[in-house]
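Worksheet: one structure, shown below.
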Amino acid sequence: MTADAQRGSTPNNATFSLTDDATGNSTELPVITGSLGPSVIDVRSLYSATGRFTYDPGFTSTGSCESKITYIDGDEGILLHRGYPISELAENSDFLEVSYLLLYGELPSEKQKREFDDTITQHTMVHEQINYLFRGFRRDSHPMAVMIGVVGALAAFYHDTTDIQDPRQRMIASHRLIAKMPTIAAMAHKYAIGQPFVYPRNDLSYSENFLHMLFAVPCQDYEINPIQAKAMDRILILHADHEQNASTSTVRLAGSSGANPYACIAAGIATLWGPAHGGANEAVVLMLDEIGSVERIPECVARAKDKDDPFRLMGFGHRVYKNYDPRAKVLHKTCHEVLDDLGLDHEMFNIARELERIALEDEYFVERKLYPNVDFYSGIILKALGIPPHLFTVIFALARTVGWIAQWNEMIEDPHQKIGRPRQLYTGEKQRSYVPVGQRG
Ligand code: CMC
């Protein structure tokens, strides 16, 4: 049996032929089939066989790894974690159970679930010295900037889990990251608004504890609203992993050099911050606020279609989904429930729904298969929970940490893993000789 067959992918004896027009030489490349989705052409031998590289900016046709964690069928709008549809997980599971599934590959038994919840709960506090690290930041810093710094600095506090070749250390680091992200995210919020940090409470669930750390103050108890806690948990589940997106690929690339897990996750957070990626949830709410009324939607749609205007409809479009993002479907429903349950004004939700309706009938969006993505409705829910927009992407990062760390672990255990090192098409100057400054024209 070959290494490929042992690991779930099958070289199916099919080959792909390439003919070089310049030399007439033909090269046969193996085709590998996974358990779902299109098979891939294995180009690993391409350079040695032909002296040529592939060119694929944005990696639209390139598979960078083999993975068993998440499957997406973008045309059908399907998202599976370890085989389970996201809608079923969002409906029936909780975030820590999904975290267990992503990390270990199977849903836990009752005992495993209890032990996992307990392990994560035992790691929620951060080293006390981290309090002082926060104080080095300006109060008006964007919390994502603070997150990158503080998470990167965890390697300085938890040296005992930086040997990436030791599976036990890797797992403790994974648990620590999942457990401490809500604490660090809440500290970033408290620091920005000038309130004291709130310590975690181990008698609460993961999402309840996060809300407690965000909203409790020493002078008043914070009463957990179960609807809000459930909505937060669902948002975390829906953001937990999403295959080889920009931030996950960054984590894998950083990890491929042997960097420690805290540094890798900090790199993922940095990538997630961009408005084309996780930063979109903050941008959606700012956009909906700016639109302000249903009457102004056509103006906004016209701007999004204007090629001379850099404006894009935030929360619309996806590299992989050419259909409704299944996560947006769940969030649309959740949004309705949360606003109803909390008795909140639906104005922003109504603008969002009308914007979606108009865009989905517009030829520009139809032709390009641009549908609402996960970020379109998540911001409205987070706003309804009383969370300020600058924390939206932080919450995305908190949720995605488990996906990043599961993918990072999988990469380290992959016998095919090598340091990530793409090639390039060089179009710069050919070799030339140095000219002393006085002799340059
Ligand atoms: N508004 C207007 N036009 C758009 C939009 C949009 N939101 N998204 C794509 N297009 C157009 C784009 O101008 C291009 O048109 P043309 O073919 O005429 O040049 C066409 O659709 C294809 O777009 P692309 O930029 O080549 O597609 P991509 O796969 O490189 O980009 C994307 C995907 C998500 C970056 C992009 O759709 C976008 O910028 N969306 C808005 C930001 C957003 O909501 N991001 C969250 C993504 S989901 C959560 C996450 O993964 O973090």
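Accessible area per residue for the range 73-213, computed on protein heavy atoms with a 1.4 Å probe, is 45 Å².
Distance cut-off 29 Å, Cα to Cα: go down the list Lys68/Lys329; Lys329/Lys383; Lys111/Lys230; Lys369/Lys418; Lys322/Lys418 and report the pairs above it. Can you show the working numbers first?
Numbers: Lys68/Lys329 24 Å; Lys329/Lys383 18 Å; Lys111/Lys230 23 Å; Lys369/Lys418 36 Å; Lys322/Lys418 32 Å.
Pairs exceeding 29 Å: Lys369/Lys418; Lys322/Lys418.
When N is the residue count of the range 190-338, what does its C-alpha Rg come to as a fraction of 2.2 N^0.38 Å?
Working: Rg = 18.8 Å, N = 149, 2.2 N^0.38 = 14.7 Å.
That works out to 1.28 for the range 190-338.
With an 8 Å cut-off on Cα pairs and a minimum separation of 6 or more residues, tell me the relative contact order of the range 36-148 in percent. Kindly include the intermediate steps, with their values, before the conclusion.
Working: 53 pairs, mean separation 13.2, N = 113.
Relative contact order comes out at 12 percent.
The alpha carbons of the chain occupy a box of 77, 64, 57 Å along the principal axes, longest dimension given first. Axis angle, to the nearest 10 degrees, between helix 392-413 and the longest C-alpha principal axis of the chain: 40 degrees. The alpha-carbon atoms of the range 1-154 define a convex hull whose volume equals 230 cubic angstrom per residue.
Can you give the longest run of the chain that contains no trypsin sites (Lys or Arg not before Pro) sitting in a DSSP loop with at most 10 other Cβ atoms inside 10 Å?
On the way: sites that count: Arg135, Arg138, Arg139, Lys307, Lys418, Arg423, Lys430, Arg432, Arg440.
Between the exposed loop sites, the longest stretch runs 140-306.
Over the range 343-441, the ratio between the Cα radius of gyration and 2.2 N^0.38 Å evaluates to 1.96.
Rounded to the nearest 500, the helix-only mean residue ellipticity at 222 nm of the chain stands at -15500 deg cm²/dmol, with each DSSP H run of n ≥ 4 adding -39,500 (n - 2.57).
Accessible surface of the chain, 1.4 Å probe: 51 percent of it comes from carbon and sulfur atoms.
Residue order by solvent-accessible surface for Cys219, Cys300 is Cys219, Cys300, largest first, with ligands and nucleic acids left out and a 1.4 Å probe.
The values are calculated or read from the model by the stated rules, or taken from the named source; none is laboratory data. Everything quoted here is computed from the prediction, not taken from an experiment. Note: ideal-geometry Cβ built from the backbone for every residue, glycine included; neighbour counts use all protein chains shown. Side chains are part of the model used for accessible areas, which takes the heavy atoms of the whole protein and leaves out ligands, DNA and RNA. Shrake-Rupley method; radii C 1.70, N 1.55, O 1.52, S 1.80 Å.
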